[in-house]
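For reference, the structure is listed below as structure tokens.
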Amino acid sequence: MKTSFVVAGLIAALFETSAMQSEAREPVLTVGSAPANELSGSLPAITVGDFSQSDLNEMRVLVQSYLWAISNLQADLVFLTAADSVTNVYSTPEALLRRMAKIHRPVVGGSLVRFDGVSIRDSVPVQSVYIKDELGRQWWASYLLEKQADGMWKISGCVIMPAPGQIV
């Protein structure tokens, strides 16, 4: 079993503590639409500053837990990290794992990870992660996060793209 992914994060999730307290904080980025004005009637942009440190820690531990679960082919934990909008599409945790393992292949064999902070894209918080797969290729994974009705953060989507160069 690969344990290089997030054992500390998994333990933190179980004990509701932050495993990353001693790490240096990543810079946070703010992306979004312009603040509301009376003419546009649009809502103000959501920024990373709108989330508590607890929310940001929970987002990171969630993605860490997912990475550990998928790299160790743990269907139940992969299912627990997925948003309701995702789990409603799949009949069983095993069906979700099969699909995620197929479309997120670089993550399944990944061995090195570097978290790159949370940003906001189209009013959705996104945790970015750089991953090195078993062949030494680097990937950028962007996990879309969604707060569920029960108040827990879950993963609602992911985009994985090649990230050549020396990142991780």
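The values are calculated or read from the model by the stated rules, or taken from the named source; none is laboratory data. What you are looking at is a predicted structure, and each value in this text was computed from that prediction instead of being measured. Here Cβ is always computed from backbone atoms with ideal geometry, including for glycine, and neighbour counts include all displayed protein chains.
So which helices (runs of 4 or more DSSP H) are wholly in the stretch 61-166 and hold at least 2 residues that are among the aliphatic types (A, V, I, L, M)? Working first, answer last.
Details: elements: 75-81, 84-87, 93-103, 105-108.
Once the helices (runs of 4 or more DSSP H) in the stretch 61-166 are filtered for at least 2 residues that are among the aliphatic types (A, V, I, L, M), what remains is 75-81, 93-103, 105-108.
For residues that are out of contact with any helix residue (DSSP H, G or I) (no Cβ under 9 Å at 6 or more places or on another chain) and modelled with pLDDT of 95 or more, tally how many sit in the stretch 67-84. Even if it seems obvious, please write down each step before you answer.
The initial filter retains those residues of the stretch 67-84 that are out of contact with any helix residue (DSSP H, G or I) (no Cβ under 9 Å at 6 or more places or on another chain), namely 72, 83-84.
Imposing the further condition that a residue be modelled with pLDDT of 95 or more reduces the set to 83-84.
Counting residues in the stretch 67-84 that are out of contact with any helix residue (DSSP H, G or I) (no Cβ under 9 Å at 6 or more places or on another chain) and modelled with pLDDT of 95 or more gives 2.
In the stretch 144-158, is there at least one residue being in contact with a Lys or Arg (Cβ under 9 Å, 6 or more places away or on another chain), at pLDDT below 90 and under 13 Å from TYR66 (Cα atoms)?
Pass one, the stretch 144-158, residues in contact with a Lys or Arg (Cβ under 9 Å, 6 or more places away or on another chain): 144-148, 153-154.
Checking which are at pLDDT below 90 leaves us with none.
No; the residues of the stretch 144-158 include none that is in contact with a Lys or Arg (Cβ under 9 Å, 6 or more places away or on another chain), at pLDDT below 90 and under 13 Å from TYR66 (Cα atoms).
Which of the residues belonging to the stretch 95-134 are at pLDDT 90 or above, closer than 19 Å to VAL48 by Cβ and not small (Gly, Ala, Ser)?
Selection gives ARG114, PHE115, VAL118, ILE120, ARG121, VAL124, PRO125, VAL126, GLN127, VAL129, TYR130.
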